[in-house]
Amino acid sequence: EVQLVESGGDWVHPGGSLRLSCAASGFTFSLYDVHWVRQPTGKGLEWVSAMGTAGDTYYSDSVRGRFTISRENAKNSFYLQMNSLRAGDTAEYYCARSRGYEAFDIWGRGTIVTVSS
Amino acid sequence: EIVMTQSPATLSVSPGERATLSCRASQSLNSNLAWYQQKPGQAPRLLIYDTSTRAAGIPARFSATGSGTEFTLTISSLQSEDFAVYYCQYYNNWPPWTFGQGTKVDIK
């Protein structure tokens, strides 16, 4: 079965750090671009970060300089290192995949990040 | 940056009726437009890609069309499982990958 499974969500103080993981299975992971998309409770979807198959990285303006995306093809996994967290980063974080100029066809179930004092 | 605007914010429809959702772009797009469905407590699911192609396993009651700045998702006869939030997304001129703000389809 093709799937993505997130982990690592937690409650953290403002200014703190957290690392999210996304484990892929059922497909050739190295052939796909990977994404993080977040959704505050009751709000819409916001694309956060992406990494291409060649290691190219992309970030939204709201997280650039604070978040770092990475991948380990040998482990069929990718990650989101989140530093200097703010209350506005509180959301459910989804991982997703795409290929080049294609839609996000597989999504994980999400992991919740809460930033609060 | 391209801005995607969906309307209406909420659409109240009776089961069996047709629902028409709109997605408008701030500039003219190519066909790289997708629609996603999200039910409460679930991840988004790809419904439509390339403006009008149904994803695997999506029922034929879902159809979509559009060009330029105007795109439409139609659900021909709403079933109980179709009440959800629907998002459009443009995936060509990235980054960023832009989503609309969503249309909630609820029971009238």
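Sort out which residues of region B:50-67 are closer than 13 Å to B:Leu29 by Cβ and either within 10 Å of another protein chain (Cβ to nearest Cβ) or at pLDDT below 95 (or both), and write them in order of number.
B:Asp50
How about region A:40-55: which of its residues are closer than 13 Å to A:Phe104 by Cα and basic (Lys, Arg)?
Residues satisfying the conditions do not exist here.
I need every pair where a residue in region B:14-43 that is on the phi > 0 side of the Ramachandran plot has its Cβ under 6 Å from the Cβ of a residue that is small (Gly, Ala, Ser), sequence separation at least 6 or different chains.
Taking only residues 6 or more apart or on different chains, the pairs are B:Gly16/B:Ser77.
Among all residue pairs at least 6 apart or on different chains, which show Cβ distances below 6 Å where the first residue, located in region A:14-38, is at positive phi and the second is among the aliphatic types (A, V, I, L, M) and in a loop (DSSP other than H, G, I, E, B)?
So the pair list comes out as A:Gly26/A:Val2.
Would you tally the residues in region B:78-88 being within 14 Å of chain A (Cβ to nearest Cβ) and either part of a loop (DSSP other than H, G, I, E, B) or more than 12 Å from B:Gln37 (Cβ to Cβ) (or both)?
Let us first name the residues in region B:78-88 that are within 14 Å of chain A (Cβ to nearest Cβ), namely B:84-88.
Next, only the ones that are either part of a loop (DSSP other than H, G, I, E, B) or more than 12 Å from B:Gln37 (Cβ to Cβ) (or both) stay: B:84.
Matching residues across region B:78-88 total 1.
Looking at region A:64-117, which of the residues that are within 19 Å of A:Pro40 (Cβ to Cβ) and part of a helix (DSSP H, G or I) is farthest from the other protein chains (Cβ to nearest Cβ)?
So the residue we want is A:Ala87.
When the residues of region B:89-105 are narrowed to those that are within 14 Å of another protein chain (Cβ to nearest Cβ) and part of a strand (DSSP E or B), which ends up modelled with the lowest pLDDT? Spell out how you get there, then give the answer.
Looking only at region B:89-105, we keep the residues that are within 14 Å of another protein chain (Cβ to nearest Cβ), and these are B:89-104.
Narrowing the set further to residues that are part of a strand (DSSP E or B) leaves B:89-90, B:98-99, B:103-104.
Working: B:Gln89: 97, B:Tyr90: 95, B:Thr98: 90, B:Phe99: 96, B:Thr103: 98, B:Lys104: 98.
Across region B:89-105, the extreme among qualifying residues is B:Thr98.
Could you identify the single residue in B:Ser80, B:Ser7 that is modelled with pLDDT of 95 or more and either surrounded by fewer than 13 Cβ atoms within 10 Å (Cβ to Cβ) or within 23 Å of A:Glu46 (Cα to Cα) (or both)?
Numbers: B:Ser80 fails: modelled with pLDDT of 95 or more.
Every option except B:Ser7 fails the conditions.
Any chance region A:98-110 includes a residue that's over 30 Å from B:Ser52 (Cα atoms), β-branched (Val, Ile, Thr) and either open to solvent by 10 Å² or more (accessible area, probe 1.4 Å) or in contact (Cβ under 8 Å) with a residue 24 or more places away in the chain (or both)? Quick ask: steps written out before the conclusion?
First pass over region A:98-110, keeping only residues over 30 Å from B:Ser52 (Cα atoms): none.
No.
Restricting to region B:10-42, count the residues that are more than 14 Å from every other protein chain (Cβ to nearest Cβ), open to solvent by 70 Å² or more (accessible area, probe 1.4 Å) and over 15 Å from B:Tyr87 (Cβ atoms).
Residues in region B:10-42 being more than 14 Å from every other protein chain (Cβ to nearest Cβ), open to solvent by 70 Å² or more (accessible area, probe 1.4 Å) and over 15 Å from B:Tyr87 (Cβ atoms): 7 in total.
The values are calculated or read from the model by the stated rules, or taken from the named source; none is laboratory data. Quick caveat: nothing in here was measured; it's all calculated off a predicted structure. Ideal geometry is used to build each Cβ from the backbone, glycine not excepted, and the neighbour counts take in all protein chains shown. In case anyone asks, the SASA skips ligands and DNA or RNA and just uses the protein heavy atoms, side chains included. Shrake-Rupley method; radii C 1.70, N 1.55, O 1.52, S 1.80 Å.
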